[in-house]
Amino acid sequence: MRDIRCLCGAIRLRIDGQPVAQFYCHCDDCQAVHGAAYVGIAVVPSRAVEIIQGTPTSWTYKTLLRQRCAACGTLLIARVPDSGLTGVKANLLPPDMFHPAFHIHCQHAVLPVVDDLPHYRSLPAVFGGADDIVEW
Ligand SMILES: [Zn+2]
Ligand SMILES: [Zn+2]
């Protein structure tokens, strides 16, 4: 069980359990929403995420319902429709909790990120993708 918070502390979330997948996403949706080249995401079962303080602002960009703190703007989570899964912004997690296993949507990458992880062009097969790898 881990508690995480936005930058100003108005919103607190409790995560009960371990992530089912952790990765860096380079998709153009993440770039647009976060204003970043790519983001770290930990996917957890939606039932494992509880808002224990405050009321986040919700909005939907394309398909994902996203929530952020209205006071400080920190992006917190994104609910994946019909999956029972929620993506948590990895920068909010305790450092010992985020262990990314691969990169996804590298076809949209702003720049190469060279590390020892697999770099999937779209999605790995476990997410219904083609398992194509980009060579960086
Ligand atoms: Zn805040
Ligand atoms: Zn993304």
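The values are calculated or read from the model by the stated rules, or taken from the named source; none is laboratory data. Computed from a predicted model, the values in this text were never measured in an experiment. Neighbour counts are summed over all protein chains in view; Cβ atoms, including those assigned to glycine, are modelled from backbone coordinates with ideal geometry.
Among the residues of the stretch 5-40, count how many are part of a loop (DSSP other than H, G, I, E, B) and crowded, with 19+ Cβ neighbours inside 10 Å. Steps first, please.
Of the stretch 5-40, the ones part of a loop (DSSP other than H, G, I, E, B) are 6-11, 16-20, 26-27, 35-38.
If we keep only those that are crowded, with 19+ Cβ neighbours inside 10 Å as well, we get 6, 11, 19, 26, 38.
Qualifying residue count for the region: 5.
Answer with yes or no whether Leu92 is within 11 Å of the chain's Cα centre (by Cα), within 12 Å of ligand 1 (Cβ to nearest atom), within 25 Å of Pro118 (Cβ to Cβ) and buried (at least 20 other Cβ atoms within 10 Å of the Cβ). Steps first, please.
Working: within 11 Å of the chain's Cα centre (by Cα): yes; within 12 Å of ligand 1 (Cβ to nearest atom): yes; within 25 Å of Pro118 (Cβ to Cβ): yes; buried (at least 20 other Cβ atoms within 10 Å of the Cβ): yes.
Here the answer is yes, as Leu92 does meet what is asked.
Going by the structure shown, is Ala70 closer than 21 Å to Leu7 by Cβ and of a type in the set (Gly, Ala, Ser)? Steps first, answer last, please.
Numbers: closer than 21 Å to Leu7 by Cβ: yes; of a type in the set (Gly, Ala, Ser): yes.
In short, yes.
Which one of the conditions (1) in contact with a strand residue (DSSP E or B) (Cβ under 6 Å, 6 or more places away or on another chain); (2) within 11 Å of ligand 2 (Cβ to nearest atom); (3) modelled with pLDDT of 95 or more; (4) not aromatic (Phe, Trp, Tyr) does Gln31 fail to meet, given that it meets all the rest?
Among (1) in contact with a strand residue (DSSP E or B) (Cβ under 6 Å, 6 or more places away or on another chain); (2) within 11 Å of ligand 2 (Cβ to nearest atom); (3) modelled with pLDDT of 95 or more; (4) not aromatic (Phe, Trp, Tyr), the lone unmet condition for Gln31 is (1).
So which residues in the stretch 41-97 are in a strand (DSSP E or B), among the charged types (D, E, K, R) and either in contact (Cβ under 8 Å) with a residue 60 or more places away in the chain or within 16 Å of ligand 2 (Cβ to nearest atom) (or both), if there are any at all?
Of all residues in the stretch 41-97, those in a strand (DSSP E or B) come to 41-45, 49-53, 57-61, 64-68, 75-80, 85-89.
Add one more test, that the residue is among the charged types (D, E, K, R), and what stays is 50, 66, 68, 79, 89.
Selection gives Arg66, Arg68, Arg79, Lys89.
Let me confirm something: among Val126, Val113, which residue is in a helix (DSSP H, G or I), more than 13 Å from ligand 2 (Cβ to nearest atom) and among the hydrophobic types (A, V, I, L, M, F, W, C)? Break it down stepwise before answering.
Details: Val113 fails: in a helix (DSSP H, G or I).
Every option except Val126 fails the conditions.
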